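*Asks:* Input: one structure, supplied below.
Every read-out reported here was derived from the displayed coordinates using simple, explicitly stated rules and does not represent laboratory data. Worth saying up front: this structure is predicted, and the values here are computed from it rather than measured. For neighbour counting, all protein chains shown are included, and Cβ atoms are generated from backbone atoms with ideal geometry for every residue, glycine included.
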Amino acid sequence: MGIATVDPTTGQTLETFDALSDAELQDRVARASRAFASYRLTSFAQRAEWMRAAADLLDADVDRVARLMTTEMGKTLKAAKAEVGKCAAGCRYYAEHAEALLADEPVDAGAVKAVRAYARYAPLGVVLAVMPWNFPMWQAMRFAAPALMAGNVGLLKHASNVPQTALYMEELFRRAGFPADVFQTLLVGSDKVEALLRDDRVAAATLTGSTPAGRAIAATAGDVLKKTVLELGGSDPFVVMPSADLAKAAEVAVTARVQNNGQSCIAAKRFLVHADVAEEWTRLFVERMSALVVGNPQDEQTDVGPVATENGLTDLEDLVRDAVGKGATVLCGGTRLDRPGWFYLPTVLADVSEEMEIWTEEAFGPVAVVRTFADLDEAVRLANDTQFGLGSNFWTDDKAEQDRFIRDAEAGMVTINGMTTSYPELPFGGVKNSGYGRELAAHGIREFCNVKSVWMGRGNKSRTE
Ligand code: NAP
């Protein structure tokens, strides 16, 4: 598929875009490189002023941008509006905190025989961001806000199905006052990413996307020795122990599974329930999943809109077909909707086992699998029985069980009695096939910095160090 806006609610292609030619792409990279030469010298106060202006513009543009996202990838309008608000909050967070997060870090001068020594965070240069369509604003913003506040310049290669949202990002930073070419959107396919990463003027790259895309970028980055951050897929566990508030756990489980129409890396995808409470909890969960309103995402009352792409829908159908063929039981849903567009009914599968693809792969849509376990050891084993290690959710009122999950979860994020979500204040990222590096918080803004060690001796001739 080329670069196009295709409405998943109808399946209609609304607008197509020409990819940049190779010459245009070269020109964009040259402009980014030139922009960095002066932008890196701007003050934190100046960058913060522009970043706050971007946040204000997001607030003002919320209706327009939310509708754009809903049209391009099908998230509900209320979710889209919330995403725009989150982007504004992310801009304000880094506008306020970047200077302190990147302040020089003094080192005990005596220990290193210096007059003064410290670590300084200096910007790296042009950073390429390869981004996915599922949170088309937030994913790009949680790269852009820290990267720009640190003094880097950004090149955004967004997913090919959200070109208008991608172009809006460039427009936003320009209108906010950032100098020309500090943030550019490149309308190109994924076939251009390798050449971009190999270009000497590009210093580093960040990818949020699938594990295969992560492998491709990491292989190139390894060859040219460039820094990368990879935020990849997930198949997060959601574990329910007997001491949990079952009604609350069922309610949150539904949101954790179907948020963003089931297409979130940190959506809970595998629900593991203690045998003592499995019947009761599963009943509550299925009841709530069945009651969700599936329909046009532009309608305020809709809970679940379409899957973003036709391929996404057929992938989901294949996973469910494979599971049912191998003995899974459909407790609700299990089929696409008989209407135009790419709608799949909220689905719960029981009797799921390791040989089913839905256990080992990431289900990117409103499909949940439920398994029971007998004790804490089995809960930990099943929670970690995945190639991924992004988020993990545990419901228990028992302090010892909480400690055990926090200690043993093979995941970048552990949530107790809640669902994994992202906050500007908390580092975000994974282990195993979910990638490496961190976004957000202090960790995120420092990823694309050169940590310069500065050692200073005495300048006068009377003494040498
Ligand atoms: P995807 O196919 O990997 O696409 C993501 C981005 O990578 C797009 O811009 C895509 O460009 C590009 N791309 C694809 N293959 C590439 C390659 N071989 N080399 C370089 N770039 C490549 O992922 P998706 O299926 O659209 O997105 C969903 C995935 O993202 C899920 O696995 C989800 O879990 C993950 N995700 C992770 C996080 C996180 O923070 N960990 C957050 C959100 C989503 P084109 O569109 O032009 O193909």
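*Asks:* Given the C-alpha centroids of segment 285-354 and segment 125-201, what is the distance between them in whole angstrom?
*Replies:* What the calculation gives is 32 Å, centre to centre.
*Asks:* Further, regarding this structure: Whole-Å semi-axes of segment 132-244's equivalent ellipsoid, largest first, each the root of 5 times a Cα gyration tensor eigenvalue?
*Replies:* Listed largest to smallest, the semi-axes of segment 132-244 are 27, 20, 14 Å.
*Asks:* Still on this structure, I have one more. Out of GLN301, THR282, PRO146, whose Cα points farthest toward the positive end of the dipole of the chain (charges: +1 Lys, Arg; -1 Asp, Glu; placed on Cβ)?
*Replies:* The residue sitting most towards the positive pole is PRO146.
*Asks:* Now for a separate question. Can you give the % of DSSP beta bridges in the chain that are antiparallel, to the nearest 5?
*Replies:* 40 percent
*Asks:* Follow-up. Any chance you could list P(r) for segment 234-315, counting all Cα-Cα pairs in 5 angstrom bins from zero, rounded to whole %?
*Replies:* 3, 14, 22, 23, 18, 11, 6, 2, 0
*Asks:* Provide the gained length on full extension for the span ALA180 to ALA103, in nm with one decimal, where the gain is 0.36 nm per separating residue minus the Cα-Cα distance.
*Replies:* 25.1 nm
*Asks:* Which value, in Å to one decimal place, does the Kirkwood hydrodynamic radius take for segment 58-200 when every pair of different Cα atoms is included?
*Replies:* By the Kirkwood definition, the hydrodynamic radius is 16.7 Å.
*Asks:* Same structure, new question: Would you mind giving the three semi-axes, in whole Å and largest first, of the ellipsoid equivalent to segment 1-108 according to its Cα gyration tensor?
*Replies:* 33, 23, 11
*Asks:* Could you please report the charge total around ARG52, scoring K, R as +1 and D, E as -1 over all other residues with beta-carbon less than 12 angstrom from its beta-carbon?
*Replies:* Local charge sum for ARG52: -2.
*Asks:* I've got another one for you. Run the dipole for the chain about the Cα centre, Lys and Arg Cβ at +1, Asp and Glu Cβ at -1, nothing else charged, and hand back the magnitude in debye, nearest 20.
*Replies:* Here the chain has a charge dipole of around 2180 debye.
*Asks:* Which three extents, in whole angstrom, do the alpha-carbon atoms of segment 396-465 cover along their principal axes, largest first?
*Replies:* Over segment 396-465, Cα extents along the principal axes are 67, 26, 22 Å.
*Asks:* Cα atoms only: what Rg and Dmax, in Å, come out for segment 7-47?
*Replies:* 18.0, 48
*Asks:* Pull up the DSSP beta bridges for segment 281-384 and report the antiparallel fraction as a percent, rounded to 5.
*Replies:* The answer is about 50 percent antiparallel.
*Asks:* Using only the Cα atoms of segment 211-259, build the gyration tensor, take square roots of its eigenvalues as a ≥ b ≥ c, and label the shape rounded, prolate or oblate: rounded if a/c is under 1.5, else prolate if a/b is larger than b/c, else oblate.
*Replies:* Prolate.
*Asks:* A further question follows. Of all alpha-carbon pairs in the chain, indicate the percentage at a distance above 45 angstrom.
*Replies:* So the portion of pairs separated by more than 45 Å is 14 percent.
*Asks:* Rounded to whole Å, give me the distance from the Cα center of segment 1-67 to that of segment 387-465.
*Replies:* Going from one Cα centre to the other spans 28 Å.
*Asks:* Here's something else I'd like to know. Per DSSP H run of n ≥ 4, the term is -39500 (n - 2.57); total these for the chain, divide by its residue number, and report the mean residue ellipticity at 222 nm rounded to 500 deg cm²/dmol.
*Replies:* Value at 222 nm, helices only, nearest 500: -13500 deg cm²/dmol.
*Asks:* Between ALA119 and ARG67, what is the label-point separation in nm under the 7 Å Cα-to-beta-carbon projection?
*Replies:* 4.8 nm
*Asks:* Convex hull over the Cα atoms of segment 340-424, averaged projected area in nm²?
*Replies:* Averaged projected area of segment 340-424's Cα convex hull equals 7.6 nm².
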